[in-house]
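Quick notes on the structure that follows.
The values are calculated or read from the model by the stated rules, or taken from the named source; none is laboratory data. In this text, all values refer to a predicted model and were calculated from it rather than measured experimentally. Methodologically, a virtual Cβ is constructed for each residue, glycine included, from the backbone with ideal geometry; neighbour enumeration extends over all protein chains shown. Heavy atoms of the whole protein, side chains included, go into the accessibility calculation; ligands, DNA and RNA do not. Shrake-Rupley method; radii C 1.70, N 1.55, O 1.52, S 1.80 Å.
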Amino acid sequence: MTTENKSEWRVIIDLIRYTNPGLYNRLGRKMMNYLYKRNIKEIEELMKKMESSLTDYQLNTNFNENQPLPRINQLFLERLVEDIFEISDKYLSDGTITKMMHLWLKYEQSRFLAMAAEKRDVSLSEITDAIHRFLKMPQALKSLSPEESMGIKVALIRRFFSDDLKYINVTKRFTTVADFSGILTRTIGPSKGNGKLGGKAAGLFRAEKILMAAKKDYISLRNLAVPKTWYITSDGIIDFLHFNALEEMPSIKYRDPLEIRQEYPYLEQIVKNSSITPELISGLSMALDEFGDEKPLVVRSSSLLEDMHGSSFAGKYKSLFVSNQGTKRERLEELIDAILEIYASVFGPDPIEYRRERGLLDFNEEMGVMIQEVIGNKVGKYFFPSYAGVAFSYNEFRWSPRIKREDGIVRLVAGLGTRAVDRTSEDYPVLISPGQANLKVNASIEETLRYSQKVIDVINLDSKRFESINFEKLVQDVGQDYPALTQIASVFQDGYLFSSVGNLFNLTDGQPIITFSKLIEKGPFIPQIKDLLSILSKELGWPVDIEFACDGDVHKIYLLQCRPQSVIENHNQMELPDNIDEKDILFTANRFVNSAIVKGIKYIVYVDPEKYNAVESYEELVQIGKVIGQLNNRLPKQAFILIGPGRWGSRGDIKLGVKVNYSDINNTAMLIEVARKKGNYVPDVSFGTHFFQDLVEASIRYLPLYPDEEGNIFNEPFLNDSSNILRKILPDVKEMDDVIKVISLSKLDEKLSLSVFMDGEKEKAIAFLSTEV
């Protein structure tokens, strides 16, 4: 047959056969699959012919299935491809075959992207160029089969986010190749490197894609957004260590925990006084050009281990605000300083101890970094969001029997969301259960006033500092310029709380109190949060923990973070013992109780609230926290409980709670916070804070005690009168044994131990002494 008489597809195939045998074979495979899907029987017979040749070989040679199969002759495979095209000519029109040839050759134009995505060692610059090149191709050539598109998406997800199959299986359903172009345009890292973007970035990316896909079905999500974000790849820290000859730093994690804690302030300064690579400086300069100087920035950790199931690393690594004000050089120096401090946090005592507990110490932890614009507005010299907070799809602490765990919980604050995730002394967020938003924690006006937020966190653009300022004073200074003030605050006047009428707020006759009453009762916030939590939980298959902020437009909400929620393992079948002699009861509780059983406690570490309150020296108060940390490392793990006043581990006035970090309490079985009416100590229901997440993930039970409330028992004489073995454990501790008491139950009776039964359904708990094994 002459060329003139050949159909177009024949001409194409003949040319490719002699000039590109590999492409010829690939087109043959594609045609075979195409014919097979159209149920062409001769294709099945062709495959059986190949199988029969292998079967004949096995029968004639006494083939053993435990040895390799024979290699089919290359000529046979070539004839196989020829037969495939002959079958196609028999059953398909020339026009159909020509059309398929052109389509598959278009796919070949994009094959370079698949090769770049699937190569394990491809560099950041190579994969970025490949994606940009693909997206710039003419639309007529930019074609991928569904299988190839899925393969490329999975490869890119694995390359930049996670190898975890659960993560991949969800994320691949909601992404496109083009999504990675937007990310890589804002990604900084070693051009020859192959680092990932880290856990925090992975969680936010997945959540954003899920929610954007849901927008068409949910009116409440129409105004959902994510802040502008730049990324530094996780191997940036490796380049940094090599650039500054700090290669020995990763081995610090194997040192003694006390040595790590003592040396960390020095190591932190070593890192902060080091330099970053010129390549990273160039990338950060481009990032600042895009961000501009209108908004401050928040620099957030995004390590490879963050936001995983059972190890969220909540609060272990730093997130730092920078003002982003001044000259380009000043802004760049400020940004670099924050990045270096996050790099230093990798070698801090808390994250190292956290990793040690979970068997992750040998993991080569790398630190990615997210740089986000801060959501909010400039008000006078301050910059802050109207409100921010955290939300959880599973509610561990219910303040009403009508609230179900699935109703979720929100910690809502005015200003920056730091007060939603940190424990702060003498300040409270507004707690809401989205599924039962009308059920308030504080029913009376007196309780609402007492347990309200009085201080908000902001960024002072003049001083370029993060500051905490009095809310009432701020409102007096800025007045109606405070964004969405009428949605956030009520007015306390003449013994009553009033919401605003319309958009005007009466600032002259009363005191502004943060209640969020109007936002909760009439705004779009509750439907937004309910849908966010519901959609994400459903698609991911587990409860979620999100951070959010609002810039003043109450119809718009910004998603800042999303990760799996750490959930307490509850004892569903719970019966409190009812035959305990009252003299054996240490305490009872009836508020904010979670279901659990704690047994076999042999030591009680008790910080006397009155003695603690009497301490005037700040240094001595700090030392009390350090002694708790030493006891934490000396006493048997999970064989002791901590009992003391106020909010342990809070940020702010340490008179209201013992100053401890995670590594100071991580070995205890239970943390009990005592609130006495005769003192200033009032436990914060800290569910949702980083501190509480630490307790959940370490299986440390938490319980607030209100001894002065009617019906509760608190056996203070037993705690005060029992002998104190503090100095036997820590001989060098002086003048602390009147404040800190360590009670060894074995000293009282060899078989004596403490048990704590907590029934979350009935909101009751009891702790008692017994000699039962």
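Output the number of residues of region 578-611 satisfying the condition of being over 15 Å from residue 707 (Cα atoms), open to solvent by less than 10 Å² (accessible area, probe 1.4 Å) and in a loop (DSSP other than H, G, I, E, B).
Final tally of qualifying residues: 2.
Being of a type in the set (Lys, Arg) and crowded, with 22+ Cβ neighbours inside 10 Å is the filter here, so list the residues in region 198-229 that pass it.
Going through region 198-229, the residues of a type in the set (Lys, Arg) turn out to be 200, 206, 209, 215-216, 222, 228.
Those that are of a type in the set (Lys, Arg) and crowded, with 22+ Cβ neighbours inside 10 Å: 200, 206.
Filter region 88-115 for residues that are assigned to a helix (DSSP H, G or I), crowded, with 16+ Cβ neighbours inside 10 Å and among the aliphatic types (A, V, I, L, M) and give the result.
97, 100, 101, 113, 114, listed by residue number.
Taking the condition touching a residue at least 12 places away in the same chain (Cβ under 8 Å), closer than 28 Å to residue 279 by Cβ, touching a Leu at 6+ places or on another chain (Cβ under 8 Å) and crowded, with 18+ Cβ neighbours inside 10 Å, does residue 232 pass? Working first, answer last.
Working: touching a residue at least 12 places away in the same chain (Cβ under 8 Å): yes; closer than 28 Å to residue 279 by Cβ: yes; touching a Leu at 6+ places or on another chain (Cβ under 8 Å): yes; crowded, with 18+ Cβ neighbours inside 10 Å: yes.
Criteria met by residue 232.
Please work out if residue 264 is of a type in the set (Phe, Trp, Tyr), under 27 Å from residue 664 (Cβ atoms), outside any helix (DSSP H, G or I) and touching a residue at least 12 places away in the same chain (Cβ under 8 Å).
Answer is no for this residue.
Kindly provide the set of residues from region 344-373 that are within 27 Å of residue 385 (Cα to Cα), open to solvent by less than 20 Å² (accessible area, probe 1.4 Å) and not aliphatic (A, V, I, L, M), ordered by number.
Within region 344-373, 345, 368, 372 qualify.
Considering every residue within region 718-733, establish whether at least one is at pLDDT 75 or above and surrounded by 19 or more Cβ atoms within 10 Å (Cβ to Cβ).
Residues of region 718-733 at pLDDT 75 or above: 718-733.
Pick out the ones that are also surrounded by 19 or more Cβ atoms within 10 Å (Cβ to Cβ) and you get 726.
Yes: one or more hits.
Specify which of the listed residues (638, 630) is surrounded by fewer than 18 Cβ atoms within 10 Å (Cβ to Cβ), farther than 30 Å from residue 165 by Cα and at pLDDT 90 or above. Explain how you work it out, then say what you get.
Numbers: 638 fails: at pLDDT 90 or above.
Of the residues listed, the single one that is surrounded by fewer than 18 Cβ atoms within 10 Å (Cβ to Cβ), farther than 30 Å from residue 165 by Cα and at pLDDT 90 or above is 630.
Take the residues in region 388-409 that are in contact with a helix residue (DSSP H, G or I) (Cβ under 6 Å, 6 or more places away or on another chain) and within 30 Å of residue 645 (Cβ to Cβ); name whichever of them is most open to solvent (accessible area, probe 1.4 Å).
Checking each candidate, the answer is 394.
With respect to residue 299, is the statement that it is closer than 30 Å to residue 358 by Cα and open to solvent by less than 60 Å² (accessible area, probe 1.4 Å) true?
Yes; evaluated as a whole, the condition is true for this residue.
Please give the helices (runs of 4 or more DSSP H) falling wholly within region 441-523 in which 3 or more residues are open to solvent by 40 Å² or more (accessible area, probe 1.4 Å), over 17 Å from residue 389 (Cα atoms) and out of contact with any strand residue (DSSP E or B) (no Cβ under 7 Å at 6 or more places or on another chain). Even if it seems obvious, please write down each step before you answer.
Numbers: elements: 445-450, 471-478, 485-488, 517-522.
In region 441-523, 445-450, 471-478 are the helices (runs of 4 or more DSSP H) which contain 3 or more residues that are open to solvent by 40 Å² or more (accessible area, probe 1.4 Å), over 17 Å from residue 389 (Cα atoms) and out of contact with any strand residue (DSSP E or B) (no Cβ under 7 Å at 6 or more places or on another chain).
Out of the residues in region 434-455 that are touching a Leu at 6+ places or on another chain (Cβ under 7 Å) and of a type in the set (A, V, I, L, M, F, W, C), which is farthest from residue 493 (Cα to Cα)?
The qualifying residue farthest from residue 493 (Cα to Cα) is 441.
I need the full set of residues from region 235-265 which are in contact with a Ser or Thr (Cβ under 6 Å, 6 or more places away or on another chain) and open to solvent by 70 Å² or more (accessible area, probe 1.4 Å), in order please.
243
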